[in-house]
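We did not get these values from a lab; they are worked out from the coordinates using the rules stated. Remember, predicted model here, so these are calculated numbers, not experimental data. Don't worry about glycine lacking a Cβ; one is built from the backbone with ideal geometry, like all the others, and counts go over all protein chains shown.
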Amino acid sequence: MDQLDRYREIVRRLIEEYASYKPAYGDIRTEAVVDREHDHYEVIQVGWNGGQRVHGSVIHIDIRDGKVWIEYNGTDARLAEELAAAGIPRKDIVLGFQPAELRPLTSYGVG
């Protein structure tokens with residue numbers, strides 16, 4: 001398995017794990033979006049919490065130019081640490097939700 005396929009598999013497993021968790025409130029579905037063709041991966045929630053509509057991304061990860069970009073993390077989880085522990089080198093994990101000028105201050109890739 002080449003590096004890109006290994007990264008895809010690690011990200012897919014992480015996304016599917018988080019998509020398996022059901023919120024403790026409301027009538028909300030949690031879904032995994034796994035698009036290997038475009039290297040786009042998300043956990044989204046859809047449903048209702050009382051009279052309030054819920055629809056949005058909880059986790060958004062893309063793979064671009066051989067790097068794993070965490071675009072959004074709406075959880076308390078330390079996704080970058082989980083990806084590193086699963087075997088993705090820190091230099092290949094980019095905290096896309098951080099401004100570019102702050103990324104060199106992290107222990108992760110800059111893009």
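Checking E31, E101, E82 one by one, the residue that is touching a residue at least 40 places away in the same chain (Cβ under 8 Å) and surrounded by fewer than 18 Cβ atoms within 10 Å (Cβ to Cβ) is E82 and no other. Selection of the stretch 64-94 for residues being closer than 19 Å to A19 by Cα, hydrophobic (A, V, I, L, M, F, W, C) and in contact with a strand residue (DSSP E or B) (Cβ under 7 Å, 6 or more places away or on another chain) yields V68, W69, I70, L79, A80, L83. Contact map, the stretch 34-60: first residue farther than 14 Å from A19 by Cα and touching a residue at least 24 places away in the same chain (Cβ under 8 Å), second residue polar (S, T, N, Q) and part of a strand (DSSP E or B), Cβ cut-off under 8 Å, separation 6 or more or different chains; pairs are V54/Q45. Of the numbered criteria (1) assigned to a loop (DSSP other than H, G, I, E, B); (2) surrounded by 17 or more Cβ atoms within 10 Å (Cβ to Cβ), the one Y25 fails is (2).
Of all residues in the stretch 58-79, exactly one satisfies the criterion of being surrounded by fewer than 18 Cβ atoms within 10 Å (Cβ to Cβ) and hydrophobic (A, V, I, L, M, F, W, C), namely A77. Look at L14 and say whether it is under 15 Å from the mean Cα position of the chain (by Cα) and either of a type outside the set (G, A, S) or on the phi > 0 side of the Ramachandran plot (or both). Judged against the criteria, L14 is a match.
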